[in-house]
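Working notes for the structure below.
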Amino acid sequence: MEKTERLFDKNSYGDEFDAKVLECVKNKDGKFDVVLDRTYFFPEEGGQTSDTGTLENVNVSHVYEKEGVIYHVCDGELCPGKTVHGKIGFESRYRKMQNHTGEHIVSGLVNKKYGYDNVGFHLSEHDMTIDFSGELDREQLDEIETLANRVVYSCIPVKAFYPEKSELKTLEYRSKIDLEDMVRIVEIGEADRCACCAPHVRNTGEIGIIKLLDFMRYKGGVRIHARCGMDALEDYRYKYREIYTVSNMLSSKQEQISCAVTRLLDSLGAQKSEILSLKRELMKLKSQSIVYTEGNICLFETEKDMNVIREFVNNLVKKCGGMCAVFSENGNDSYQYIIASENIDMKQKSAEINSRLNGKGGGSKEMIRGSCECAKEEILRYFNVKNEVI
C-alpha cells in the first residue's frame with residue numbers, strides 16, 4: 001500500500017479536499033478502515049487525538065497511521081477507486097492547533113530556563129497535559145505562564161519545515177526520540193524549535209492566551225494541565241459562572257469568597273460539634289432507660305456515626321448478660337453493626353454471627369464491628385429477641 005499524502009503538513013488550515021479511495025476494509029468493530037491517496041485528516045499521533053469529520057456523507061470517527069498509511073475509521077462503506085469529498089471538523093482541529101502550539105511555547109521556555117525535557121504530552125477534546133522531567137512549583141509555573149503569553153502577544157510566525165539532512169545535523173531542536181529521516185521541525189522564533197508532526201497555527205497571536213492550571217508531582221517530575229485559545233476562554237467562562245453562583249449563595253463579593261467559605265466552614269464545624277454532643281447525650285439517656293436483662297439486647301438506630309454507636313454500646317453492654325448489638329440502618333436490609341459482651345468471647349462468636357446474618361467483620365474478644373445484609377426479623381430471631389429490646 002502506498003503512503004498517504006499528508007496534506008496537513010503543507011496547510012494546517014485546509015478543511016475540505018477530494019481524494020481517491022484506495023482501500024475499504026471492514027474492521028472488528030463493524031466499522032470500515034478507509035485508505036485514501038491524500039488527506040487533510042490528522043491521525044492520532046504524538047500524543048494528540050485525531051481529527052474527525054466526514055467522507056462524502058459518511059462519518060469519520062477516528063484516524064490512525066500505520067507504516068505511513070493513514071486509515072480513516074468510517075461508519076459506512078466507501079467504494080475503492082471512487083473519488084470522495086472529505087471535510088474535517090475544523091473547530092476541533094483549530095482548538096488543537098492553538099493548544100499544541102501553546103504547548104511548544106511552554107515546553108521550550110521550561111527547557112531553556114530549567115533544562116527540563118518534555119517527557120509526555122496528551123491532547124484530547126477536553127484536556128491537555130504536559131509532563132516534564134523535573135519538578136516545578138506554582139510560582140515557577142506562573143513565571144513560565146507570563147513568559148509564554150508574552151510570546152503569544154508578540155505575534156511570532158510559526159514555521160513548519162523539513163530540513164535537509166545536512167542542515168538537520170547542525171540544527172538544535174527538541175525531540176523525545178532520535179530522528180534521522182524526514183524530520184519535520186516546528187520553529188517559533190527564539191522561543192522554541194522542536195520536531196513535531198502535528199498541525200500548528202501560523203502565528204502565536206492566534207493562540208490568544210495560554211493558561212497553566214492544575215499540576216502534580218509525576219514520575220519524578222511534574223504533570224501540568226493546561227488550556228490555550230478557545231479552550232482557555234471556555235474554562236475561564238465556566239469557572240467565572242461557578243464563582244458568580246457561589247458568591248451570590250454566600251452573599252459575598254467574588255474576590256472575597258474564600259473568606260466567606262472559611263466563615264461558613266467554621267460555623268458548620270461549630271454546629272457539627274454541638275450536634276455530636278447532643279447525639280452522645282441522647283444515646284446516654286437511651287442507655288439509662290433500658291433495664292437489665294440476662295439475655296441479649298438488640299437495637300436498630302438511624303444514627304450513622306459509628307463512633308457514637310460505639311459509645312452507646314459501651315454504655316449498654318453492662319445492661320445485659322448476653323450480647324449487646326446495635327445495628328445502624330443503611331436501607332434495603334443493609335446494616336453496619338457493633339456487638340459487645342462482658343461474658344461472651346466476641347472474637348470467637350464473630351464467624352457464627354457473620355454466617356447467620358450474611359455479614360463480614362471482626363474485632364476483639366470484647367467487641368466486634370462489621371456490616372451485614374439481612375432482614376430485620378432474621379437479626380431479631382438470631383439474638384432471640386421478639387422486639388428490639390428484651
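Laid out as a table, the results:
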{"item": "Selected residue [among the small types (Gly, Ala, Ser) and either under 16 Å from Leu380 (Cα atoms) or not in a helix (DSSP H, G or I) (or both)] from Gly269, Gly295", "result": "Gly295"}
{"item": "Flag for Lys169 being of a type in the set (Lys, Arg), open to solvent by 20 Å² or more (accessible area, probe 1.4 Å), in contact (Cβ under 8 Å) with a residue 40 or more places away in the chain and out of contact with any Leu (no Cβ under 6 Å at 6 or more places or on another chain)", "result": "no"}
{"item": "Output for region 342-365, where each listed residue is surrounded by 19 or more Cβ atoms within 10 Å (Cβ to Cβ) and either in a strand (DSSP E or B) or among the small types (Gly, Ala, Ser) (or both)", "result": "Ser350, Gly359"}
{"item": "Subset of region 18-34 [within 30 Å of Val186 (Cα to Cα) and either touching a Ser or Thr at 6+ places or on another chain (Cβ under 7 Å) or open to solvent by 30 Å² or more (accessible area, probe 1.4 Å) (or both)]", "result": "Asp18, Ala19, Lys20"}
{"item": "Long-range neighbours under 9 Å by Cβ, at least six apart or interchain, first residue within 22 Å of Tyr94 (Cβ to Cβ) and in contact (Cβ under 8 Å) with a residue 60 or more places away in the chain within region 230-245, second part of a helix (DSSP H, G or I) and open to solvent by 90 Å² or more (accessible area, probe 1.4 Å)", "result": "Met230/Glu91"}
{"item": "Residues of region 152-166 that turn out to be surrounded by 13 or more Cβ atoms within 10 Å (Cβ to Cβ), hydrophobic (A, V, I, L, M, F, W, C), more than 33 Å from the chain's Cα centre (by Cα) and in a strand (DSSP E or B), as a count", "result": "0"}
{"item": "Residue satisfying condition, being closer than 20 Å to Val110 by Cα and either in contact with a helix residue (DSSP H, G or I) (Cβ under 6 Å, 6 or more places away or on another chain) or among the aromatic types (Phe, Trp, Tyr) (or both), within set Ile224, Ile243, Ile209, Ile257", "result": "Ile209"}
{"item": "Any hit, region 73-95, residues being of a type in the set (A, V, I, L, M, F, W, C), without any contact (Cβ under 8 Å) to a residue 60 or more places away in the chain, open to solvent by less than 30 Å² (accessible area, probe 1.4 Å) and part of a loop (DSSP other than H, G, I, E, B)", "result": "yes"}
{"item": "Residue that is touching a helix residue (DSSP H, G or I) at 6+ places or on another chain (Cβ under 9 Å) and assigned to a helix (DSSP H, G or I), where the choices are Ile379, Ile339, Ile368", "result": "Ile379"}
{"item": "Within region 283-312, considering residues that are hydrophobic (A, V, I, L, M, F, W, C) and out of contact with any helix residue (DSSP H, G or I) (no Cβ under 9 Å at 6 or more places or on another chain), the one most open to solvent (accessible area, probe 1.4 Å)", "result": "Leu285"}
{"item": "Residue satisfying condition, being under 14 Å from Cys196 (Cβ atoms) and either in contact (Cβ under 8 Å) with a residue 24 or more places away in the chain or open to solvent by 20 Å² or more (accessible area, probe 1.4 Å) (or both), within set Gly108, Gly134", "result": "Gly108"}
{"item": "Some residue of region 128-136 being under 30 Å from Val21 (Cα atoms), of a type in the set (Gly, Ala, Ser) and not in a helix (DSSP H, G or I)", "result": "no"}
{"item": "Residue tally, condition buried (at least 20 other Cβ atoms within 10 Å of the Cβ) and either modelled with pLDDT under 90 or more than 35 Å from the chain's Cα centre (by Cα) (or both), over region 323-336", "result": "5"}
{"item": "Any chance Tyr13 is assigned to a strand (DSSP E or B), hydroxyl-bearing (Ser, Thr, Tyr) and modelled with pLDDT of 95 or more", "result": "no"}
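Residue-wise test of (1) surrounded by 14 or more Cβ atoms within 10 Å (Cβ to Cβ); (2) among the acidic types (Asp, Glu); (3) modelled with pLDDT of 90 or more; (4) closer than 30 Å to Val119 by Cβ.
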residue	(1), (2), (3), (4)
Lys219	no, no, yes, yes
Gly229	yes, no, yes, yes
Ala232	yes, no, yes, yes
Tyr238	no, no, yes, yes
Arg241	no, no, yes, no
Lys253	no, no, yes, no
Arg263	no, no, yes, no
Lys272	no, no, yes, no
Leu278	no, no, yes, no
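The values are calculated or read from the model by the stated rules, or taken from the named source; none is laboratory data. This one's a predicted model, so the numbers in the text were calculated from it and none came from an experiment. When we count neighbours, we look across all protein chains shown, and the Cβ atoms used for this are built from the backbone with ideal geometry, even at glycine. For accessibility, only protein heavy atoms count, side chains too; no ligands or nucleic acids. Shrake-Rupley method; radii C 1.70, N 1.55, O 1.52, S 1.80 Å.
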